[in-house]
1. Run the dipole for segment 113-194 about the Cα centre, Lys and Arg Cβ at +1, Asp and Glu Cβ at -1, nothing else charged, and hand back the magnitude in debye, nearest 20.
2. Beyond 17 Å, what percent of the Cα pairs of segment 108-161 remain?
3. How big is the charge dipole of segment 1-153 about its Cα centre, in debye rounded to the nearest 20, if each Lys and Arg gets +1 on its Cβ and each Asp and Glu gets -1 on its Cβ?
4. Segment 115-132 to segment 158-189: how many Å between their Cα centroids?
5. Using a Förster radius of 30 Å, what is the FRET efficiency between Thr25 and Val140 based on their Cβ-Cβ separation? Nearest 0.05, please.
6. In whole Å and largest first, what semi-axes does the C-alpha gyration tensor of the chain yield when each eigenvalue is scaled by 5 and square-rooted?
7. Give the relative contact order (percent, whole number) for segment 1-92; include only Cα pairs under 8 Å separated by 6+ residues.
8. Can you compute 3J(HN,Hα) from phi for each residue in segment 45-59, using the Karplus curve 6.51 cos²θ - 1.76 cosθ + 1.60 with θ = phi - 60°, rounded to whole Hz and x for Gly and Pro?
Amino acid sequence: MDQGQTLKILNARMILECPCALRDTALQAVVGEGSATADIMFIGEAPGKNEDEQGIPFVGAAGKLLAEMLRTIGLKREDIYITNIVKYRPPDNRDPLPEEINACMPWLHAEIRIIKPKVIVTLGRHAMEHFIPGQKISKVHGEVFEKKIPDIGTQRVFILYHPAAALYRGSLRATLIKDFKKIPKLFEKIKTST
């Protein structure tokens, strides 16, 4: 069975079994999308209104900005895998609660084990906090961390602001784009070190 089929089975099972309380208020689960063999896995925080309605991650304004930034480094959405820490939309787009994040965590970790990305790119502070706890995103954005994650193993984690933050705070847009352009250099470094 290939990775794509394994992901489909995982998502079908977790839609039935995920204990996250947000499933009671969301329209549907928003499962990850993209290449099941992607070298880069982008992980956001939680689905928003558009994502909840369509069942696809990053389809709103933040998703458009992400697609635009991918193009600047020669990638398309189909080249990457994109998912969220939480698979269901929090009411009124509030921040996901720790217990909601914990309830969805086995799902996310299973996605990572199946895809085996070379780099995890976190989008926003909640995604960053899961992998690199105790840091401030304003201090560590644009940096790479090697992190041993229980039940997954050692991963390279690259920290970015969430594209939505750049939409709401225009001053962050240039920072996000500058950090994003570090991704190809990061891959060059990975290639030469393996």
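1. Details: 17 positive and 6 negative charges, 41 e Å.
With only Lys, Arg, Asp and Glu charged at Cβ, the dipole is about 200 debye.
2. Working: 397 of 1431 pairs.
Above the 17 Å cut-off, segment 108-161 has 28 percent of its Cα pairs.
3. Details: 19 positive and 21 negative charges, 58 e Å.
Magnitude of the dipole: close to 280 debye.
4. The two parts, judged by their Cα centres, are 13 Å apart.
5. On the way: r = 32 Å, r/R0 = 1.07.
Here the calculated transfer efficiency is 0.40.
6. Working: eigenvalues 111, 79, 52 Å².
With the √(5λ) rule applied to the chain, the semi-axes are 24, 20, 16 Å.
7. Numbers: 131 pairs, mean separation 36.8, N = 92.
The normalised contact order for segment 1-92 reaches 40 percent.
8. 8, 6, x, x, 4, 4, 5, 4, 5, 9, x, 10, x, 6, 10
The numbers here are math on the coordinates, done by the rules we state, and not lab data. Owing to the predicted nature of the structure, the values given are computational and were not obtained by experimental measurement. Quick reminder, even Gly has a Cβ in these numbers, built from the backbone with ideal geometry, and neighbours come from all protein chains shown.
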